[in-house]
Number of protein chains: 2
Amino acid sequence: MAVQLPMSEVDVLIVGAGPAGLMMANWMSRYGIKTRIVDKRGTKIFNGQADGLQCRTLEIFDSFGFGHRAWSESNHMLEICLWNPDSSGVIRRSDRIPDTIPGISRFQQVVLHQGRIERFFLDSIESQSNIRVERGVMPIQLELDESLAEDPEAYPITVTLKHLSEAEATPDQGNGQVANGLFRSNLSSDDTQELLQRISLDDKANTLEVVKAKYMLGADGARSWVRGQLGLQLDGSSTDYVWGVLDIIPITDFPDIRMRCAIHSASSGSVMVIPRENKLVRLYIQLTTTEKDGDQKGAKVDRSTITPEVILQSAQRILHPYKISYEYCDWWTAYQIGQRVGTCFSARERIFLAGDAIHTHSPKAGQGMNVSLQDTYNLGWKIASVVKGIADRSILKTYQSERRRIAQDLIEFDHKFSRLFSGRPAKDIMDNEGISIKAFKEAFEKGNMFASGIAVNYGTSMIVAKEGDAVEQGDGLDVSATDKTLRVISQQSLATSLKVGMRTPSFKVLNQSDARPWHFQELLQSDGRWRVVIFAGDVSVPEQRAKMWRLGERLAAPGSFLQRYTVSGARYDSVFDLLTVHAAPRIETSIFDFHEVFRPFDPHQGWDYWKIYVDDQSYHEGHGQIYRNYGIDPAVGCAVIIRPDQYVSYVGTVDDYDALDRFFSSFMTPASQRPADQTSRSTRKLANGST
Amino acid sequence: MAVQLPMSEVDVLIVGAGPAGLMMANWMSRYGIKTRIVDKRGTKIFNGQADGLQCRTLEIFDSFGFGHRAWSESNHMLEICLWNPDSSGVIRRSDRIPDTIPGISRFQQVVLHQGRIERFFLDSIESQSNIRVERGVMPIQLELDESLAEDPEAYPITVTLKHLSEAEATPDQGNGQVANGLFRSNLSSDDTQELLQRISLDDKANTLEVVKAKYMLGADGARSWVRGQLGLQLDGSSTDYVWGVLDIIPITDFPDIRMRCAIHSASSGSVMVIPRENKLVRLYIQLTTTEKDGDQKGAKVDRSTITPEVILQSAQRILHPYKISYEYCDWWTAYQIGQRVGTCFSARERIFLAGDAIHTHSPKAGQGMNVSLQDTYNLGWKIASVVKGIADRSILKTYQSERRRIAQDLIEFDHKFSRLFSGRPAKDIMDNEGISIKAFKEAFEKGNMFASGIAVNYGTSMIVAKEGDAVEQGDGLDVSATDKTLRVISQQSLATSLKVGMRTPSFKVLNQSDARPWHFQELLQSDGRWRVVIFAGDVSVPEQRAKMWRLGERLAAPGSFLQRYTVSGARYDSVFDLLTVHAAPRIETSIFDFHEVFRPFDPHQGWDYWKIYVDDQSYHEGHGQIYRNYGIDPAVGCAVIIRPDQYVSYVGTVDDYDALDRFFSSFMTPASQRPADQTSRSTRKLANGST
């Protein structure tokens, strides 16, 4: 085009405002990164699309301050009931399993409409930044200047955005009938032209603009335009199992309709029952079992044969002799199971893919939104840290090294789970082709750990200081520190249950100054900071106290990492939140027993009372026993580094200051060497434990 | 005036939009009552005015759906530290006491700015109704036509309202300095002309209107205009103790500055430390100790001598040898302790007084807002029930019978507590004039139970079925049922710890249908309904099951109280929420083991899964042991009636249908006899435990 288009610069451009894109924008809001997020759809609202929320996802929501909203609005699932045919072919409850493994998290798995979750993100982003989702906007041209990829000051990405008219951003839907989910299903054609009719687009409609960006995220779904532009592929296959989904208020005499149920009938197929909020129940029902050829698009089912009535009738056959019907249907859809994962998650660590854009799988495992969210929960703080000049670009490789394995695990889990679920139940122990109750139950129980999101264990890298080979554990990428002399290895034995590479489990600790109990995770808010947590042990013992003072002297000394990586004039806890959890009796201890660096003084606000905690009995909420639960000896203690996303980076001895310094030196950029424009803004609000 | 003023009718007119008035409006929003609430002040916002929130107040907030907001924003106080002079006259910590007695509530006492609490109420009211606070509006004339007082259809109250201009509703304040609380203190003159300058009043400014009302509430503060119009008096006295209040971010080496502290110095007076939200700490400091004459207005202190500097210097002397100073002061004030309570709480049970309008006391006990809120929490549902025609007017007498005693208890508590706190500490055991540490600690511990709000125990009346004389227990008013043959007496022995007349304690129960744990109080939302809770016992035992079926048959029979007092066509759970808590093993029980009346069927929505609960082990939250904690024998069980405000009305045998019927018959009006215009609206939203 000869016409000069309007042009602007942005640090991060996000394409797609589903959960993965919103999580990315949410991180950017916390770091204060100049960000735009666009979505071709004219509105966020659509029916259906309920999703299970893993324990881990709820922990993450809580770290951003909206966990309680999801917790209170959602339906909580406590128990899984397995139903199978008895010897006479009639379905019976064969087992009850806790839906969430007791003790693994403060939260349990719940179910909530995706529209609500997007609402929480939008509110969170708006409360922290000026970032707003721009709807009815889609990219139409993309260029990456690879020669600039490694230049931290450069804007190597050039994107042309088109502002759609209302008609373009509006779907051919909305006839007042029950929402038909097929337009969102993989059985429908691409829904670019089928968006919902609820928005008036602004006066930019039908105009073009050019955006130069430092980084870009393609979170634009299974048919990702960004992925297509980059020429990246997904590997995998679809199966021939076709499933129907029906969201209804059930009228039934089936006694477990408010439990999560997996029901295998003798010869009528399977149904999964997912109780939802607002009296709704979702039924996932297997519609076909015939074998067809693998990955051919031609194998897809004829949409017109699938209706709510067809799905209901299948459910009625499976649930027989129980009765089920409904007067109110909220939503329905049908899909064919497909599992695919990308081989490459980014272009030059400048343009990244996340969520459905890089891995697809069946919705039935209830993992989809969780894994997508967690992709950008992993990526967001890394990009933000690089843009702000805190961290070197080399950490960005850890996105693929950490997340591709998760996507592969998910695909594998989904594949196994779907096969077990879709298969015919074994008639007896000699029936090798059928699925045995025992195998199914075992898969369910194993799946529960995976499905909690808690089992994620990232491999060794420059930001995960553990044994092993960084290439081998890193999806084939070398994600170790560039300067090999800086490598640090954790002493896992000092905290046997605080696993390096895994998320920090949570137990209660008391604030030393006011005796208030906090879940330890509540102190690990997603505000962009690294935590250095000193488990000081029993500081009433002189040896432990001496260790703490030695460490304190080094931390407070000129040129310590607290100072080198913090912008001059800023508090060091703008980058490093230095927390202490000791194990001496609370009432015999005060914060003044600790070196000043552990309770920094502010000339306007006095001492900081929200840095030192204790493992002791509370008045109303028991004893968290965090030392015992983490496997830390109070006579020894340890120092721990926790990433901004709550994963454990390092465990070492209390007074090994040098190891801490080396760890951060391996990927952080001294404040004196950062681009000037990024150092002017504080990355955080002042921490205040009491609010 | 000869000019005809605009005239309108309203069911309830509330004067004053402080906490007591807002609680009243909040109840009206839940019942759908036509209500207006006016306040002479131009804005709700003012600095300072932090208040302690009792456990009971938090329970009440939770029952309206905003407990979590107060809980998360407030500062939690866990421990009280008592400091006293040692033998050499230096202050030392002499004791630590839990601030809230462990086990009495799900919540603990917290501290939060009153402006936030008003915000929660305003949001709650707006979310449920069209009621909006009308600011800059004050009553200037009031008439009560006593001849119409007992006519349920009449509007016996006539009020002339004046809409103020901006200048009239605006205070002479706001010079950009630290907010001086004296204008809100009892040392200042009436603040009618000193309101805050933040509102533009609407175009009704300087106009008059006439409002006819069925009921009216004067919640217009210590200098209540409504009380003055009614010619009602407060009895009591003020003391000569003058206190200063300073809200600062402290810079100090005092180790307990984030604890609630009571510090008695040897000869420099006393200070109470109340840690607040946002790093603030409130200091209550005794400024004078000289004895002056009792209730004379002349005894008041010269305002001009009290400044933040004077208060700080006092604190510094008391805290010596610790140091304290500040750079940021949020608010300050000074007050003289006064305790007064009204002899009559209403005019003909048509115009009621609540909060500071009927009782005043020192702020230091942290009770003020709590008792005021709880006044109208008691009154609101009663007036709403009468206006809707559900209940007879006679229940309105129980407002005074129940609340005047609380006000008197509060005055007595405050008097004793203030004297102990203001007095000089005893030098030794022979020093009879000084206050001994032991006496002080005992008073504190006893005070803690009172100050929780949990100790309230209402006397026998038509809505509290317990032993004793209704006049004697009812502040001299006969609050028994008009028809004495309908009197019911509880069998307290069936639930030894579920005390008739007290609020329902909370323990966890599991939903039978989905195994989700709920705190029992969470089921008792303030939605205007009475609860009939059947503790069915172990229904796997035939005797218990038989009792339940007998009761179910009577409840389901034509003409049962469920039907008589429910409007034709409405679900009976619009008035009566019939809940069951059984004690058989959950996994051996289903809702279909119970008579249909306990799990009502809806043709559009199927069975109701949120009515039947079980006392059993949960997967993640332990075992609530509600039978054991309530003192109920699972082999016997009991039936319990709980008022709309969570107080226990009645405990009796499971299958004594007749007692239940008599209880409700003694004050409820059959639906067929209610005024037609009040029966058209449902009083509730459909209950849904899952949302």
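The values are calculated or read from the model by the stated rules, or taken from the named source; none is laboratory data. Please read all numbers here as calculations on a predicted model, not as lab measurements. Heads up, the Cβs are rebuilt from the backbone with ideal geometry, glycines too, and the neighbour counts pull from every protein chain shown. The area values use the complete protein model at the heavy-atom level, side chains included, leaving out ligands, DNA and RNA. Shrake-Rupley method; radii C 1.70, N 1.55, O 1.52, S 1.80 Å.
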Of A:Gly103, A:Gly89, the only residue that is free of Cβ contacts under 8 Å to residues at least 24 places away in the same chain, out of contact with any strand residue (DSSP E or B) (no Cβ under 7 Å at 6 or more places or on another chain) and either open to solvent by less than 20 Å² (accessible area, probe 1.4 Å) or at positive phi (or both) is A:Gly103
Given (1) at pLDDT below 95; (2) not in a loop (DSSP other than H, G, I, E, B), B:Glu153 misses just (2)
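Please state which one of A:Gly622, A:Gly631 is more than 27 Å from B:Leu78 (Cα to Cα) and of a type in the set (Gly, Ala, Ser). First the steps, then the outcome.
Values: A:Gly622 fails: more than 27 Å from B:Leu78 (Cα to Cα).
That would be A:Gly631, the only listed residue that is more than 27 Å from B:Leu78 (Cα to Cα) and of a type in the set (Gly, Ala, Ser).
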Apart from one, (1) touching a strand residue (DSSP E or B) at 6+ places or on another chain (Cβ under 6 Å); (2) surrounded by fewer than 23 Cβ atoms within 10 Å (Cβ to Cβ) all hold for A:Gly65; the odd one out is (1)
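Would you check if B:Ser147 is more than 30 Å from B:Arg258 (Cβ to Cβ), open to solvent by 20 Å² or more (accessible area, probe 1.4 Å), at pLDDT below 95 and away from chain A (no Cβ under 14 Å)? Explain how you work it out, then say what you get.
On the way: more than 30 Å from B:Arg258 (Cβ to Cβ): yes; open to solvent by 20 Å² or more (accessible area, probe 1.4 Å): yes; at pLDDT below 95: no; away from chain A (no Cβ under 14 Å): yes.
In short, no.
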Inspect the stretch A:399-412 for any residue being crowded, with 19+ Cβ neighbours inside 10 Å, at pLDDT 95 or above, assigned to a loop (DSSP other than H, G, I, E, B) and basic (Lys, Arg) and give the result as yes or no.
no
Within the stretch A:62-93, which residues are touching a Phe, Trp or Tyr at 6+ places or on another chain (Cβ under 7 Å) and over 27 Å from B:Gly622 (Cβ atoms)?
A:Ile91, A:Arg92
Among the residues of the stretch A:616-669, what is the count of those that are among the basic types (Lys, Arg) and over 19 Å from A:Val541 (Cα atoms)?
2
Do we have any residue at all in the stretch B:240-249 that's within 14 Å of chain A (Cβ to nearest Cβ) and over 26 Å from B:Leu22 (Cβ atoms)?
yes
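Table: residues versus (1) at pLDDT 95 or above; (2) within 28 Å of A:Gln374 (Cα to Cα); (3) not assigned by TED's automatic domain parsing to the domain that holds A:Met369.
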residue	(1), (2), (3)
A:Leu142	yes, yes, no
A:Gln177	no, no, no
A:Ser189	no, yes, no
A:Asn206	no, no, no
A:Lys214	yes, yes, no
A:Gly228	yes, yes, no
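Is it the case that the stretch B:559-574 has a residue that's of a type in the set (A, V, I, L, M, F, W, C), more than 14 Å from chain A (Cβ to nearest Cβ) and either in a helix (DSSP H, G or I) or more than 36 Å from the chain's Cα centre (by Cα) (or both)? I'd like the intermediate steps shown before the answer.
Going through the stretch B:559-574, the residues of a type in the set (A, V, I, L, M, F, W, C) turn out to be B:561-562, B:567, B:570.
Narrowing the set further to residues that are more than 14 Å from chain A (Cβ to nearest Cβ) leaves B:561-562, B:567, B:570.
Restricting the remaining residues to those that are either in a helix (DSSP H, G or I) or more than 36 Å from the chain's Cα centre (by Cα) (or both) gives B:561-562.
The answer is yes, given that some residue of the stretch B:559-574 is of a type in the set (A, V, I, L, M, F, W, C), more than 14 Å from chain A (Cβ to nearest Cβ) and either in a helix (DSSP H, G or I) or more than 36 Å from the chain's Cα centre (by Cα) (or both).
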Return the pair list, or none, for Cβ contacts closer than 9 Å from residues in the stretch B:328-341 that are within 18 Å of B:Asp235 (Cβ to Cβ) to residues that are among the aliphatic types (A, V, I, L, M) and part of a strand (DSSP E or B), at least 6 apart or on different chains.
B:Gln336/B:Val242; B:Ile337/B:Val242; B:Arg340/B:Leu234; B:Val341/B:Leu234
Name the residue that is farthest from the other protein chains (Cβ to nearest Cβ), counting only residues in the stretch B:259-276 that are open to solvent by 10 Å² or more (accessible area, probe 1.4 Å) and not aliphatic (A, V, I, L, M).
B:Ser267
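Any idea which residue in the stretch A:285-306 is most open to solvent (accessible area, probe 1.4 Å), counting only those that are of a type outside the set (S, T, N, Q), at pLDDT below 70 and in a loop (DSSP other than H, G, I, E, B)?
First pass over the stretch A:285-306, keeping only residues of a type outside the set (S, T, N, Q): A:285, A:287, A:291-295, A:297-303, A:306.
Those left that are additionally at pLDDT below 70: A:291-295, A:297-303.
After this cut, where a residue has to be in a loop (DSSP other than H, G, I, E, B) as well, the list is A:291-295, A:300-302.
Working: A:Glu291: 146, A:Lys292: 101, A:Asp293: 71, A:Gly294: 42, A:Asp295: 77, A:Lys300: 88, A:Val301: 30, A:Asp302: 88 Å².
Applying the filter and picking the extreme gives A:Glu291.
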Could you give every pair whose Cβ atoms fall below 9 Å, whose first residue belongs to the stretch A:596-617 and is in contact (Cβ under 8 Å) with a residue 24 or more places away in the chain and more than 12 Å from A:Leu579 (Cα to Cα), and whose second residue is in a strand (DSSP E or B) and among the basic types (Lys, Arg), counting only separations of at least 6 or pairs across chains?
A:Asp615/A:Lys508
Residues of the stretch B:109-132 being within 14 Å of chain A (Cβ to nearest Cβ) and either part of a loop (DSSP other than H, G, I, E, B) or in contact with a Lys or Arg (Cβ under 7 Å, 6 or more places away or on another chain) (or both), which ones?
B:Gln109, B:Val111
Filter result (within 14 Å of B:Lys611 (Cβ to Cβ) and either touching a strand residue (DSSP E or B) at 6+ places or on another chain (Cβ under 9 Å) or in the same structural domain as B:Ala391 (by TED's automatic domain parsing) (or both)) within the stretch B:567-589
B:Arg571, B:Tyr572, B:Phe576, B:Asp577, B:Leu578, B:Leu579, B:Thr580, B:Val581, B:His582, B:Thr589
Name every residue in the stretch A:307-343 that is of a type in the set (D, E, K, R) and open to solvent by 30 Å² or more (accessible area, probe 1.4 Å), in order of residue number.
A:Glu309, A:Arg317, A:Lys323, A:Glu327, A:Arg340
Subset of the stretch A:422-474 that is more than 30 Å from A:Asp95 (Cα to Cα) and of a type in the set (Gly, Ala, Ser) - its residue that is farthest from the chain's Cα centre (by Cα)
A:Gly468
